[in-house]
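Taken together, the values in this text are just the output of simple stated rules run on the coordinates, not laboratory data. In this text, all values refer to a predicted model and were calculated from it rather than measured experimentally. Positions of Cβ are generated from backbone atoms using ideal geometry, with glycine treated the same way; all protein chains shown enter the neighbour counts.
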Amino acid sequence: MRIVLIFACLYILVWASCQQEERRQFTKHGYEYINHTNLDGPKPQPGEYVYFHLQIRNGDSITHSTRAQGATPFLQIPSVDNPQRRPSPVEDVLREMSVGDSVTVLIRLDSIRAGKPKEFEGAEMFFYDVVLQDIKSVDSFQEDARQQREEQQKAAEATRARYREVAAQVRQTLKQYKAGELDEELHETDSGLRYIIHEQGGGQEVGPKGNVSAHYFGVLMNGKEFDNSFKQGDPLRLPVGEGRVIKGWDEGMTLLREGARATFFIPYELAYGETGSSPDIPPKADLALYVEVVEVY
């Protein structure tokens, strides 16, 4: 009985391996890939634009992700092939896909002339996972781009119009904080970060490894502004927990949800430390930072 089970297991493993090999295909320019979906739909034609998502993996470890960056990249399929130019693996495999298809391109590291990137030391290959989101004609792409520019311009103008309102609100909150009027509403973490949540927000939690876009307005404890996103009109996009911003800001964001508004009171140890940051942040400067979480992604 045990021998029968062993042979059955071996048969399943061999069958699965063969099935995977059968699913492996090659693009026009020789890139090896596996199509996990094989949807039956129109494929991109020369001159059309394709929107897609991409992640790069070393085994199960993701080293790059367009979804994590909050962007949907696009490219135009060349109208004429250049025989002296080999397209990238992503461009080449997108020509073989239909909308909704999910594929993995297998890249052998010994085929890369520039040598192995640091994050792939010891690996023999890495993987491009590609999902085709949409295909658009030139006219449709240009119309979408025009509408997007108009929407972004309106949003930026509305944000810039709030600058004075937000500046006054931040300084009023700071005044109340220094007078002890907010003590009952304040929270404090083990690190010494103090914060007050003005609006909880009803969206997704940021968490310790989230990606967010957020507006912010920062002042010294004397009320002097040192930086903000409202004048520019565009929120800051950042991954949380990777040290891209000061420690107090990084920690504070993990406590919020999409749609939240909060003010962090950050001791200098969690800000720019004993040296400060010339020219705007003096040594040992405590900070007050107002934030609005626009999106969690």
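Can you tell me the orientation of helix 163-178 relative to the chain, as the angle in degrees between its alpha-carbon axis and the longest Cα principal axis, to the nearest 10? Taking Cα atoms only, the helix is inclined about 60 degrees. Here, the range 177-227 has an Rg and a Dmax of 13.6, 35 Å when only alpha carbons are counted.
Counting Cα-Cα pairs of the range 23-136 in 10 Å increments starting at 0 gives whole-percent bin shares of 13, 44, 35, 7, 0. For the range 56-212, the alpha carbon convex hull comes to 222 Å³ per residue, rounded to a whole number. Rounded to 0.05, the FRET efficiency of the Glu205 and Arg149 pair, given R0 = 25 Å and the Cβ-Cβ distance, is 0.20. When each of the peptides 70-77, 36-43 is scored by how many other beta carbons lie within 10 Å of its residues on average, the order from highest to lowest is 70-77, 36-43. Ranked by how many other Cβ atoms sit within 10 Å of their own Cβ, fewest first, the residues Ser278, Ser88 fall in the order Ser278, Ser88. In the range 161-296 the Cα-Cα distances spread across 10 Å bins starting at 0 as 13, 46, 37, 4 percent of all pairs.
Length, then width, then depth: along the principal axes, the Cα atoms of the range 107-188 run 65, 45, 22 Å. Tell me, what HN-Hα J-couplings in whole Hz come from the Karplus equation 6.51 cos²θ - 1.76 cosθ + 1.60 at θ = phi - 60° for each residue of the range 244-256, using x for Gly and Pro? Those phi angles translate into 6, 10, 5, 4, x, 5, 4, 5, x, 5, 5, 8, 10 Hz.
Under Stokes-Einstein, with the Kirkwood radius over Cα pairs as Rh, the value for the chain at 25 °C and 0.890 mPa s is 105 µm²/s.
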